[in-house]
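The values are calculated or read from the model by the stated rules, or taken from the named source; none is laboratory data. The model shown is predicted, which means the values in this text are computed figures rather than measured ones. Because the Cβ atoms are built from the backbone with ideal geometry, glycine has one as well, and the counts that use them run over all protein chains shown. SASA here: full protein model, heavy atoms, side chains in, ligands and nucleic acids out. Shrake-Rupley method; radii C 1.70, N 1.55, O 1.52, S 1.80 Å.
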Amino acid sequence: MWIFLQSTNNQGNRARTLWYYPLLFSFCLCLTACSGRSPNDPHLNWHANDNVFFSSFATSPKTLDPSRAYNDDEIVFLAQVVEPPLQYSYWRKPYRLEPQSVTALPSVVYEDARHQPLPSDASPEQIAYSVYTLHFRGDLRYQPHPAFAMNPDGSFAKENLDPHRLATLSTPMQMPKLATRQVTAADYAYAIKRLASPSVSSPIYSLMAHYIVGLSALRQTLAKAYHPHQFLDLRAFPLSGVKVLDAQTLQIELKGNYPQFPYWLSMTFFVPIPWEVDKFYANPMVAKQNISFDTYPVGSGPYYIAENNPNQQIVLRKNPYYHDDFFPALPETMAPNLRALSGKRMPFIDTVVYSREAEALPRWQKFLQGYYDSAGVGGDLFNQAIRIAANGHTLLAPELYAKHMRLQVQVLPSVFYLGFNMQDPLVGGTSAKNRALRHAIGILLNSEDFNELFLNGQGIPAQGPIPIGIVGAQSGCHGMDPYRYRCVQGQPQRLTLADAKAWLVRAGYPGGIDPKTKQVLRLRFSTAMGLSPDERSTLDWLRQQFAHLGIALDVEVLQPSRFEELMRQGHAELFFWGWQADYPDPENFLMLLYSRNKMIPYGGENTCNYDNPRYDSLFKQMRLLPNNATRAQLIDTLVSISQQDAPAIWLFYPRSYRILQPWVGPVISQGIANNTLKYVSLNPSMRQTLQRAWNKPTIWPLLITLGGMILAVFMACYAYRRRQQKRPGQGS
Amino acid sequence: MTRHILKRVLSAIPLLVGINLITLLLFFAVNTPEAIARAHLGNKHITEEQVHVWLVSHDYQYPLFYNANASGLGAITQTLWWHKAMPLFIFHFGMSDNGSDIDTDIKTRMWPSLALAIPLLLIGVITNIVFSMFLLIFRYQLVDKIGNIFCVLAMSISPLFYIMVGQYLVARTWLWLPVSGYVGGIDAWHFVLLPVIVGVAGGIGVGTRWYRSLLLEEVHQDYVRTARAKGQTEWQVLWRQVLPNALLPILTGIVVIIPSLFLGSLILESFFGIPGLGNYMLEAIQQQDYAIVRSMVFLGSVLYIVGLILTDIAYAIVDPRVRLGS
C-alpha cells in the first residue's frame, strides 16, 4: 500500500491521488468480503475450519504461577498446561483420583514418632508421620522453552540472552533457541520448596507447613537468603520432608496422618517447576517484559501458553512433547458417541483461543453468532438461555435448542449460607434460648424463594453443609434438616411461619418483642452487598422475611475490605458467606465448623466461630477414616449436630450452566476437575457451515442509511440554494 | 514564552504532590494495606504471617504519611507515601501489586487506546463542526430549532444506551461488524469502527450545541457583515471568516484533551473489549491494585497539565494578541 501511494505522489497528480483513497477503502472492503468471512467475524487471525477452540474469559487471571494460582479464572488456563501427579477421573462419580504424571496412585507408609514403620491398619493416634512415595512416568517432557536451551556448562544459550531481543520480547516462544527436557522428581521437589519461598507468597504455604516436614524451617532459611530481584536457587536448600530417591521417584513426609493429602496432589501447587525456567525468569530484562511464571508457566501438559495478553486474548497450543494420553475406556452405560472416543489420543484440539470479554452481553451475542464454542450462563442472560420446566428440570430455550446447542448442568462443590457469629451474645452460644432463635430464623429464611427470586433457580436448596455429588450428601428426606423441614410423601417440605413463631416464643421473644426492653428485637446483618439494584432487592427481601417474625433487621452495608475486617475481628452478628471446596471430600465442608478453624482467633474458615467439643471429637475421627460405613455414620452425625445447633443456615448449593455449540464433540460434565480441555473435540467444518448460515449480514438498512444521508445532503443543498437566492430582507 | 512554560511546569510540582497525597488518602480510606494483601493472596488458608510477608515484599509495611518510629527525615521518608509516590516524579511506575511491569503495560495498552481515541476525536470534531455550521446557516429558523431539539434529546440519553443500541443493531441484528474485540495493526478498523460511530453519535448533541454557541458569537461581528457585503456566500462566510475566528475557544477544548487521549475511554473500551488504558484503570480499581491506580492518576494529571500548557502555546500561535509571560 505504501508503494502504491508513493508512486501516485511521484506522478504529482494530486487530483488523481484523491480518488485513490475511496478506491483503496473499497478494495479493503472487497478483500474482507472475498476472504469468505462474515464482516462481523471477530477472529481475524483464524479460520472457522481450523481445529481451534474459541472461548472467552471475563476476568484477567491475576497469576498463572503454579505455586500461587488458586482462583477458578486462573486454574482454567493453568490446568491445561501443567500436570500434577494425580487427576480426577473424567467419568467416575463420586469423584475419584487416578494417576496423571505418576505410574500409580502414591503409596503411603505410616511411621511412629521414632520413624519406625507401622502397619497400614495402625490407629491414628500411633501415626506420627505419613510417608508418601510417588513414582513418575518416564515419558514426561516439558513444552518447548528457551530456558531449556543451555550450554554444557549450565549457562543459557547466548542467542537467548541478546539484550535487543529481550527488550522487544512479548512471549518466550519468540526466542531463537527453544528446547525441552525430561521431567524429573527433582522438579517436583523444587516446586514444593517454592511454596515456602518468600518471593512467591503461596496461599497454601501455611497449610502445607502444618503438614510437610521441614517446610517451616525452610521458610526461615529462605527468608534470610532472599534478596529482591535475585535468583534464589532452591536446589541449594534441602527440605527434610521431601526426598528425591531417584530421577523418577519422590518421597514426601507428612506430620501425622492426613488422608486428604492426595487431593492436594491433584492441584496445580504440586506440578513440576524446572529450575532453569525459574532462573530464566529471574533475569530483570525478561521480568521487565512481564514474562514470568505469572504469565508463561511451563509444564508438561497437553498445551502450552503461546500468547498471554490478558487484556485481549490467551492462546494455548498443543504441546509437541506431550506424552501418550488416550481417552479413557467408558462403560457400556455411557453414550455411544462418548464411547467412540475411547482409546483415541488426546488432546483433540490443536489451538485454544480465549478472548477477553469483560461484559456479559457481547460475550453472549458472539456465542449466539457461533464465534464462541461454549458459553457459561448466568445472571441476566439466564432467562434468555434457560427455561425451567413444570417438573423443575432445566431446559434450553427453544431458539437455542433449534440450533442443536447442548446444555451442561453441574452442581458445584460449594455451599452458600447465612452465618451466625457464635461469639455474639444475642444470636450465638449454645444456650437453648439462642439456639431456638436461630431455628426460628432458619425456618423463616426460605431457601426456595431465595433461589427462585434471586438465582433464577440456579441453586439447589441446601439441607446441610455437604453439597450433592460429595460423599455424605443425602437426598430426599434422608439428611433433611428436621429443624427447617418436615418429610411429606418422601420429600422435604418447609416448616411454616407458625413453627418459626413457636421457636421464637421458646427463644423468649414472643411476637419478636424483647421482654427486657419491651422493644422489637433488633438483629444486625453485615454485608458487602447492596451496590447493585439486584443486591438491594435481596436485602429488602431479607428485611421483609425477618419482619414476618416481628424482628427488625438492621442491614449494615460495608465496603468489601471493611466487611472482611469486621469478620476477622468477630464483630459481625449475621452474615452471608460461601465456601468452594478445594477437593471433593466431606472433610472439606465439615471443617467449616471445626473449632480449630475458627476465624477468631485462628483466622480460619470457621466464620461462625462455632465451638462444640463433641463435634470436634467426631470430626477428628471422621477425617482420618477412609470412605466406609463408620465414616458415613460419623458424617451423618456431624451434619445432624450442625442442624441441631444451627450455627449456620445452609441456603443453597450453586449450579453452573454451560451451553455448547453443536459442533463441539461429546463431553462429560465435571464439577471438580479442571484439566478437561484435552477431552474436548470439534467438528470445524460444521462450525464453518453454520457460522456462515448464522451470519449473513442484512444489507437494506445500510442502503437506507446511505440513501437517507444522500437525501439529507441534497435537501440541505437545496435549502441553502433557496436561502441564498432570496433577496436581502427576506432572510432572517 | 519559555519563562511562562517553566513557571507552569514548576507550579505543577506542588499540584502533583497534592494529587498524590489525595489519591493515597482516598484509596486507603476505603482499603487498608492488609485488605489489599488479602485480596491478592486470596481468602483461603491465609495467616497473619503470610499477610506480613506480602506487605514487606510489596513495600506496604510503612505508615501512610508519618512514621513516628523513625527519627529525623526518616519520619517522612519511611512512609508509604514517600516509597510509593516519589518514584512517580521520575516516571518510575514500578511493578503492579500483581507483579507486572506498569511501564510495559502502559506502553502496550496505549496503542489500542489511541486507535480508538484519535479517530473518535477527529471524526467527532469534524462532524460536530459541520453539523453546527449547518444549523447556523438556518439559524433561528425551523431547521435550526429542530436541530436544537434533536441535540438536547441526544444529550439527554445515557451513553450506555448508544452502546447497547449500536451493538444490538449494527453487530447483532444487521451483522455488519463484530460486537466487541480487538486485533492490532491495520485490521483494528474492524473493531474500532463501531465504537467510533457510537462515540460520535453519543457526543453529537453536546458537541453541536457547544460549537454552535461559539460560532454564533462570531456571526454577529462586524467583519462578518463586511464579508457578506463584499458578496461572499453564507457558506464562504462561515468557513473563511467565522470558523478561523472561532478557533481560539475550539482549540482550548481540543488541545487540552489531546494528551489525555492516551488514557482512553473507560466505558467504550470496557463495552467493546478494547484493551486500552481506560480498561486498565477500571480493572485496577476492581482488583484494588493501588500501584496501577496511583500511576494512572499521576499520568492523567501530568497529561492534563501538559494539555493546559499546550493550550497556552496554541493560544499564542493562533491569536497574535496573546503574549505568554508578558
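Structure summary
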read-out: Peptide-level mean, for B:31-43, of C-beta atoms on other protein chains within 10 Å; value: 4
read-out: Positive-end extreme of charge dipole, chain B - chosen from B:Val17, B:Phe91, B:Val170 (charges on Cβ); value: B:Val170
read-out: Check: chain A dipole with +1 on Lys, Arg Cβ and -1 on Asp, Glu Cβ, in debye; value: 2280 debye
read-out: Cα-based shape type of segment A:414-655, given that a ≥ b ≥ c are square roots of the gyration tensor eigenvalues and the cut on a/c is 1.5; value: rounded
read-out: Residues listed by number, segment B:206-232, amide nitrogen under 12 Å from B:Tyr140 label point at 7 Å toward C-beta; value: B:220
read-out: Cα long-axis angle, helix B:189-219 against chain B (0 to 90 degrees, to the nearest 10); value: 60 degrees
read-out: Under-5 Å amide H pairs with A:Leu118, H placed in peptide plane, nonlocal only; value: A:Tyr110, A:Glu111, A:Asp112
read-out: Approximate spin-label separation A:Ala335-A:Ser120, in nm, with each point projected 7 Å along Cα-to-Cβ; value: 3.8 nm
read-out: Part-to-part distance (alpha-carbon centres) for segment A:569-610 and segment B:21-39, which is given in Å; value: 26 Å
read-out: Distant-in-sequence amide H partners of A:Leu682 (H built 1.01 Å from N, under 5 Å); value: A:Gly665
read-out: Cα gyration tensor shape for chain B, rounded if a/c is under 1.5, else prolate or oblate; value: oblate
read-out: Shape box of segment B:215-326 [Cα atoms, principal axes, largest first, Å]; value: 64, 40, 16
read-out: Residue mean of other protein chain beta carbons inside 10 Å, B:169-177; value: 6
read-out: Calculated FRET efficiency for the pair A:Asp534/A:Leu161, C-beta based, R₀ 56 Å, to 0.05; value: 0.55
read-out: Test item: Cα-centred dipole of segment A:177-321, Lys/Arg +1 and Asp/Glu -1 on Cβ, debye; value: 120 debye
read-out: Cα gyration tensor shape of the protein assembly as shown, rounded if a/c is under 1.5, else prolate or oblate by comparing a/b with b/c; value: prolate
read-out: MRE, 222 nm, helices only [DSSP H, n ≥ 4, -39500 (n - 2.57), over chain B, to nearest 500]; value: -21500 deg cm²/dmol
read-out: Between helix B:48-57 and chain B: long-axis angle, C-alpha atoms, 0 to 90°, nearest 10; value: 60 degrees
read-out: Number of partner chain Cβ atoms within 10 Å, mean per residue of B:178-190; value: 6
read-out: Percent accessible area from carbon and sulfur atoms, segment A:414-655, protein chains only, probe 1.4 Å; value: 52 percent
read-out: Zone residues, segment A:132-146, relative to A:Phe231, backbone N less than 11 Å from point 7 Å out along Cα-to-Cβ; value: none
read-out: Cα centroid separation, segment B:1-16 to segment A:374-397 (Å); value: 60 Å
read-out: Local electrostatic count, A:Ile204, Cβ distance below 12 Å [Lys/Arg +1, Asp/Glu -1]; value: +2
read-out: Most to least packed among A:580-590, B:308-318 [average Cβ atoms within 10 Å]; value: A:580-590, B:308-318
read-out: Relative packing of A:504-510, B:154-160, A:621-627, A:285-291, which averages over residues the other C-beta atoms within 10 Å, highest first; value: A:285-291, A:504-510, A:621-627, B:154-160
read-out: Cα centroid of segment B:241-294 to Cα centroid of segment B:181-227, whole Å; value: 16 Å
read-out: FRET efficiency estimate (nearest 0.05) - Cβ-Cβ, A:Ser617 to A:Ala547, R0 30 angstrom; value: 0.15
read-out: CD proxy at 222 nm, helix term only [per DSSP H run n ≥ 4: -39500 (n - 2.57); per residue of chain A; nearest 500]; value: -9500 deg cm²/dmol
read-out: With every protein chain in place, segment B:2-90: carbon and sulfur % of accessible area (1.4 Å); value: 68 percent
read-out: Label-zone membership for segment A:51-69, site A:Trp694, 7 angstrom Cα→C-beta point, backbone N under 12 Å; value: A:54
read-out: DSSP H segments from chain A that extend 27 Å or more along their own axis, Cα-based, with Kyte-Doolittle mean of 0.5 or above; value: A:14-34, A:700-725
read-out: Gain upon complete extension [B:Ile5, B:Arg225; 0.36 nm per residue less C-alpha separation]; value: 75.4 nm
read-out: Estimated buried accessible area (total), pair B and A, 1.4 Å, Å² to nearest 100; value: 5400 Å²
read-out: Surface accessible to a 1.4 Å probe, per residue, for the residues of the protein assembly as shown, Å²; value: 45 Å²
read-out: Highest average packing first - A:188-195, B:186-193, Cβ atoms within 10 Å; value: A:188-195, B:186-193
read-out: FRET efficiency, B:Ile257 to B:Arg321 (Cβ-Cβ, R0 25 Å, nearest 0.05); value: 0.55
read-out: Only Lys, Arg (+1) and Asp, Glu (-1) charged, at Cβ; segment B:2-90 dipole about Cα centre in debye; value: 560 debye
